[in-house]
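Asks: Could you have a look at this structure, given as structure tokens, before my questions?
Values quoted throughout were computed directly from the atomic coordinates according to the rules given, and no laboratory measurement underlies them. These numbers come from a predicted model, not from an experiment. Cβ coordinates were reconstructed from backbone atoms using ideal geometry, including for glycine residues, and neighbour counts include every protein chain displayed.
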Amino acid sequence: MLHPSSTYRIQFNKNFTFKNLDQIIDYLEALGISTIYASPIFKAMNGSDHGYDVVNPHIINDEIGTIDELRTLSKKLKEKGFSWIQDIVPNHMSVIDTNYRLWDVLERGRTSGYGNYFDIDWDHPQLRDRVMLPFLEANLQNCIRENKVRLRFAENGFEICYYENHYPVKPDSYDLLLSKCDLLREAYEDDLQKYLASKNADYQSWQKIKKQFVEKLSKSKNKIEDGVNRINENNELLLQLANDQYYKLEWYGEADRIMNYRRFFTVNSLICVRIEEEQVFNDYHQLIKQLYDEGLIQGLRIDHIDGLKDPAEYIRRLKKLLGKDCYIIVEKILEIKEQLPESFDLEGTSGYEFLSYINQVLTDMNGAEKLLTFYHQHAPDFQNYYDIVFDRKFSFLEKYMHGEWDNLFRLLLSLNIIENKSIKQEELHQALGTFMAAFPVYRVYIDQFPVDDISREIVNKAFEDAENRAGHLKAAFQLLKKLFNDGGDKQTKRLQFIQRLMQFTGPLAAKGVEDTTFYLYNPLISHNEVGDLPCVLGIPVSGFHEKMQQRHRANPLSLNSTSTHDTKRGEDARARINVLSELTNEWVALVTRWQQINAAFKKRVKDVMAPVFNDEYFLYQSIVGGFPEDLNTSNESKDRLKWFYTKALRESKFFSTPSRPDDDYEKACMEFIDALFDPSHAFLSGMVPFVRKVKSYAEIYSLSQVVIKSTAPGIPDFYQGSELWDLSYVDPDNRRQVNYDLRKSLMNELLQNEKQSLEDVLCWSQNKLLVGGQKMFTTRTILQYRKANNELFIEGDYIPLEIEEGKRKVIAYARRKDDKWVLIVIPTGLVAVQKTGWEGINIIIPTGTPKHWRNIFTGETITTNGELQLKEIFNQFPVAVFENYH
């Protein structure tokens with residue numbers, strides 16, 4: 001099985017293709033990368049910058065390259081020792097005309113060969129035998145009246161059009177359409193009947209017959225155009241035609257209330273597939289299997305595993321399809337005490353939980369408490385994080401997922417699994433929603449009875465919280481709780497409902513927490529991060545060691561991520577914001593002053609002064625995190641900040657929302673930013689020196705993150721471009737094109753200096769600090785060392801090292817396999833260290849540990865005799881990794 005020594009995440013799109021990757025292979029080799037970790041490469045929507053909107057899993061995205069180009073690229077990569085992990089998207093596909101499977105469903109309805117491919121509720125009481133398409137700017141009748149929905153005849157036959165979107169007309173409608181075209185109904189009677197008779201044929205046969213029919217009709221194009229014009233001039237007839245299709249064109253906002261297909265979260269344009277169906281599974285994975293069998297890929301990352309009906313069964317099928325040696329990890333957000341289910345037969349996760357561990361241990365706990373106090377004093381409405389989470393989840397369920405809520409409830413009733421028939425349906429419905437909002441993790445994985453102990457504990461906790469919040473629904477909660485009981489009858493039906501329910505607790509958590517609360521609860525926004533917990537600000541080093549020992553036992557092949565395409569901000573921006581926990585007094589004083597001097601720039605919008613404190617405080621932290629490294633602002637950096645801040649205001653859903661922006665509030669906030677960055681104003685004169693100080697500490701913590709993730713249990717993952725400073729905001733800002741010309745140039749300089757001496761390359765890295773040369777040097781050094789000693793870091797023991805009692809925390813641990821040892825020493829509490837130094841602080845070295853050590857970054861050698869004096873090891877470089885030598 002593949003055991004990567006490091007992975008490098010590539011975001012493929014039309015601006016970064018297989019050919020572009022080919023041009024940086026030598027650079028990545030020099031950096032020390034062993035494995036390409038690729039975003040989805042299958043055919044997606046035209047212009048997609050991420051690839052998760054798949055339209056055809058059977059072909060390579062032509063905007064990225066061809067399969068032959070991939071084969072050529074793979075051969076070159078293998079020659080240099082690289083492997084490839086491929087991100088796949090088994091949960092959803094794009095709703096667009098290039099998704100021929102879905103368009104066949106829209107044309108032929110549930111009898112289509114793909115009628116069971118997508119997760120559509122064909123028996124929805126308000127949409128029976130139709131698929132809702134909520135993409136109109138207004139209701140259908142108004143769009144027709146304004147000539148925005150029209151009929152046309154094109155190379156694919158008759159279509160109903162809305163701007164650039166073209167929806168197929170079902171076969172049975174052709175009778176009416178041709179009757180409106182002079183004499184054509186009679187002229188093409190035989191062809192029409194043959195066409196209608198074939199509508200239940202397999203897809204290929206159907207398409208062949210339809211093509212022949214449309215080509216014949218095209219010979220009478222003028223008459224058809226006349227007929228189309230007559231229909232377009234008759235609004236009632238056009239409305240009748242549109243309403244007679246296997247789909248229902250609807251105002252986009254109606255999806256908040258009614259929905260009969262499962263979406264990816266609440267994205268109308270992404271429809272989920274029934275990957276649990278064997279036919280769908282086999283069809284969807286054809287190219288994936290081909291790529292693996294050819295050796296073009298060696299591993300997989302499964303996107304949004306929580307969206308699947310039975311994730312454990314899906315993983316078992318995937319392992320059976322590809323073989324037990326295929327390296328497979330999943331995207332899984334684990335809460336702070338949650339572990340990957342034992343039923344998942346895979347190698348681990350994509351590493352969000354590691355990001356949380358390292359983020360927490362590099363936050364000063366005492367300072368963070370002061371920040372919490374300050375925040376709660378100024379934002380008293382945001383005191384209790386868990387209350388906010390529940391409220392936001394329940395609010396999101398009511399406003400944007402009401403259709404899903406109703407569908408679940410209707411399923412519950414249809415299965416006849418509720419014992420007490422006298423319970424009021426309204427109460428039962430409300431109890432179901434409250435339980436979902438109170439669910440403490442994304443989901444549990446129940447595929448049989450009896451329910452496992454871990455899942456039962458989580459379910460019981462959810463019911464307990466729900467009952468505390470809605471005690472008047474106690475009787476309804478008791479009925480719902482019985483669904484999870486062991487034994488009893490109707491187990492198959494109960495399991496059917498539970499698995500369906502779990503497909504929606506995850507999206508609700510994602511939208512309510514990471515896409516809402518994380519922009520609303522702002523004491524220290526570096527912890528408003530996927531996998532992290534913003535109400536827990538800092539953990540002791542001992543807690544970090546416990547997590548790493550547990551990781552070594554359970555998931556040593558999981559990725560160690562610090563930046564991903566999903567993170568809310570770049571890893572180095574996060575490191576900067578964490579430093580605020582060590583500069584609390586100065587930070588609080590600055591924010592207090594900024595509130596005073598910037599108050600004049602606020603505008604009254606309705607009943608508030610915009611921005612309100614909570615948004616203002618979020619902004620100040622964001623400025624610290626994203627301020628240009630050279631401390632010079634530009635129109636580009638300010639525009640990026642404005643874009644991010646606008647998104648944050650909408651995602652918080654407090655004043656503005658993505659679907660219903662509050663233009664007045666947003667405009668006032670953008671004008672506020674303009675005022676802050678006016679050179680004549682005093683704000684920058686206070687912010688710039690503070691950022692200069694912050695980044696002097698944060699840069700060391702950034703190096704610490706590189707070293708820890710490369711030496712702790714797990715496999716280090718590097719997001720594209722993050723080998724230099726990464727101060728990006730949330731996507732799509734973090735998908736901006738990476739300047740690889742700069743990176744290759746810096747690497748060439750690094751290698752030239754490395755040939756001279758370690759002293760020369762250390763000097764070079766310090767001189768190139770502004771652009772991230774020190775981070776690149778750290779990354780290359782540790783990754784090359786890891787590549788040469790990969791078994792040590794995958795299989796070797798993780799041994800926490802003790803600091804003399806009463807001294808400040810330092811993160812120190814050893815990795816050992818046989819007679820090979822590595823000592824890792826990471827400084828923390830840097831603000832305090834600057835004042836007192838490392839004098840008298842020693843690390844206790846366990847008995848039997850080697851005595852002679854070499855620092856891989858500086859070449860320095862030391863001899864230990866029971867302890868390691870910190871004052872000796874941070875003179876030339878701010879982090880230390882020692883290997884033993886004889």
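Asks: Hey, what do the phi angles of the range 115-123 turn into as Karplus ³J(HN,Hα) couplings, whole Hz, using 6.51/-1.76/1.60 and θ = phi - 60°, x for Gly and Pro?
Replies: x, 9, 6, 9, 7, 10, 8, 6, 9
Asks: Let me ask something additional. Please report the antiparallel percentage of DSSP beta bridges with both residues in the chain, rounded to the nearest 5.
Replies: 65
Asks: Please work out whether the range 100-268 counts as rounded, prolate or oblate from its C-alpha gyration tensor, where a ≥ b ≥ c are the square roots of the eigenvalues and a/c under 1.5 means rounded, while otherwise a/b larger than b/c means prolate and anything else oblate?
Replies: Here the range 100-268 falls in the oblate category.
Asks: At q = 0.16, 0.23 Å⁻¹, work out log10 I(q)/I(0) for the range 556-673 with the Debye formula, treating every Cα as an identical point scatterer and leaving solvent out; two decimals please.
Replies: Reported log10 I(q)/I(0), two decimals: -0.87, -1.46.
Asks: Same structure again: Is the range 796-884 rounded, prolate or oblate when judged by the Cα gyration tensor, a ≥ b ≥ c being the square roots of its eigenvalues, rounded requiring a/c under 1.5 and prolate requiring a/b larger than b/c?
Replies: Prolate, since a/c reaches 1.5 and a/b exceeds b/c.
Asks: With angles folded into 0 to 90 degrees, how steeply does helix 221-233 sit against the dominant principal axis of the chain? Use alpha carbons for both and round to 10.
Replies: 80
Asks: Working from Cα positions, state the angle (0 to 90°, nearest 10) between the long axis of helix 453-469 and the longest principal axis of the chain.
Replies: On a 0 to 90 degree scale, this one is about 80.
Asks: Just to verify a number: FRET efficiency for Asp244 and Glu795, C-beta to C-beta distance, R0 = 60 Å, to 0.05?
Replies: The pair Asp244/Glu795 has a calculated efficiency of 0.40.
Asks: Assigning unit charges at the beta carbon (Lys, Arg +1; Asp, Glu -1) and nothing else, what dipole magnitude in debye, to the nearest 20, does the range 346-419 show about its Cα centre?
Replies: So the magnitude is around 140 debye.
Asks: Hey, another quick one. For the pair Leu176 and Arg145, what calculated FRET efficiency results from E = 1/(1 + (r/R0)^6), where r is the Cβ-Cβ distance and R0 = 22 Å, to the nearest 0.05?
Replies: For R0 = 22 Å, the calculated efficiency reads 0.60.
Asks: Give me the dipole magnitude in Debye, nearest 20, for the chain about the Cα centre, with unit charges on the beta carbon: positive for Lys and Arg, negative for Asp and Glu.
Replies: Result for the chain is approximately 100 debye, rounded to the nearest 20.
Asks: Ok, one more. Using a basic spin-label model with each label point 7 Å from the Cα along Cα→Cβ, how many nm lie between Glu29 and His886?
Replies: Using points 7 Å along Cα→Cβ, the separation is 3.2 nm.
Asks: Moving to a separate point now. Using a ≥ b ≥ c from the Cα gyration tensor of the range 631-729 (square roots of the eigenvalues), is it rounded, prolate or oblate, where a/c under 1.5 gives rounded and otherwise the larger of a/b and b/c decides, a/b for prolate?
Replies: Because a/c hits 1.5 or more and a/b fails to exceed b/c, the range 631-729 counts as oblate.
Asks: Looking at this model, which pairs from Lys603/Lys695; Lys80/Lys320; Lys332/Lys709; Lys75/Lys817; Lys481/Lys511 are more than 23 angstrom apart at the alpha-carbon?
Replies: Lys603/Lys695; Lys80/Lys320; Lys75/Lys817; Lys481/Lys511
Asks: Estimate the FRET efficiency between Asp607 and Thr646 by the formula 1/(1 + (r/R0)^6), using the beta-carbon distance for r and 22 Å for R0, to the nearest 0.05.
Replies: 0.55
Asks: Using only Cα atoms, what Kirkwood radius does the chain have, in angstroms?
Replies: Answer for the chain: a Kirkwood hydrodynamic radius of 29.8 Å.
Asks: If one computes the Cα centroid of the range 537-573 and of the range 1-41, what distance in Å separates the two points?
Replies: Centre-to-centre (Cα) distance: 22 Å.
Asks: How far is helix 683-711 tilted off the main Cα axis of the chain, in degrees rounded to 10, range 0 to 90?
Replies: Once rounded, one gets 90 degrees.
Asks: Considering only Met45, Asn359, Gly433, whose Cα is most displaced toward the positive end of the charge dipole of the chain, charges sitting on Cβ of Lys, Arg (+1) and Asp, Glu (-1)?
Replies: In the chain, that residue is Met45.
Asks: Continuing with the same structure: In deg cm²/dmol and to the nearest 500, what is the mean residue ellipticity at 222 nm of the chain if only DSSP H runs of at least 4 residues count, each as -39500 (n - 2.57), divided by the residue total?
Replies: The per-residue figure over the chain is -14000 deg cm²/dmol.
Asks: Subtracting the Cα-Cα distance from 0.36 nm times the residue separation, let me have the gained length for Asn200 to Gln290 in nm, one decimal.
Replies: In short, 29.4 nm is gained.
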